[in-house]
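Laboratory data are not the source of any read-out in this text; all were calculated from the coordinates shown. On a predicted model such as this, the values are computed, not experimentally measured, just so you know. Cβ coordinates were reconstructed from backbone atoms using ideal geometry, including for glycine residues, and neighbour counts include every protein chain displayed.
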Amino acid sequence: MILSRTSQYAIQALIFVATQPRGVPVLIRTVAEHLDVPPPYLAKIMQSLSRGKLIHSFRGRQGGVCLCDGGENTDLMQILTLIEGPGLTESCVLGLKVCGDDTACPMHTQWKPIKTKIVKLLNQQTLGKLAAAVQSGKYRLSELPFAALESDGVALGTGPAILTRTPGIRGRRPSSAGVAHAQDASK
């Protein structure tokens, strides 16, 4: 039971949306930019979350997404079950189609207690708790280093919590062309 990239993005996006003012739609493009996620991919994920009644989706110029009423009480296990399907906790860690106490894979007896603890943890973690942790400045959702956040006032509590991204700073390495362009600009 390892989280897929889709599940990771879904959880990150929902935490981000939970940090926004209640009932105010945020553009998917904005969420994607802050989390450094491809916007079309995130749009498909958000569509699934909307169908699952975790978020409201609004079209048009003032459109976007926001959490449904009570969405801050949604736990991570609910999100993962929606994204991955109900068999999430039943799947074999080695990917075998049939794995259980009677027909165990070599990892089954060691993995079962770990999986039980993970499921318990996921059931205890709500979007509200995680959003509050991010807003406190102690935890982050983006790849920005803590020092960059301090310069924006985030770590000091004077700016928005990990919600802004310094232009030009991304979670990936710049290409050699980008480095050359940056060197030309500094001359």
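Numbers at a glance
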{"read-out": "Under Karplus coefficients 6.51, -1.76 and 1.60, residue-wise ³J(HN,Hα) of the stretch 27-43 in Hz, glycine/proline x", "value": "5, 4, 4, 5, 4, 4, 4, 5, 9, 6, 10, x, x, x, 5, 5, 4"}
{"read-out": "Coarse-grained scattering of the stretch 1-151 at q = 0.11, 0.20 Å⁻¹, given as base-10 log I(q)/I(0) from a Debye sum over alpha-carbon atoms", "value": "-0.49, -1.23"}
{"read-out": "Amide H contacts under 5 Å for V37, placed H, 5+ residues apart", "value": "none"}
{"read-out": "Relative contact order for the stretch 5-135, counting Cα pairs under 8 Å that sit 6 or more residues apart, in percent", "value": "29"}
{"read-out": "Label-to-label distance, nm, for residues given as R22 and A133 (7 Å Cα→Cβ offset)", "value": "2.2"}
{"read-out": "In sequence order, calculated HN-Hα J values of the stretch 97-108 (Karplus, 6.51, -1.76, 1.60; Hz; x Gly/Pro)", "value": "6, 10, 8, x, 4, 7, 10, 7, 7, x, 9, 3"}
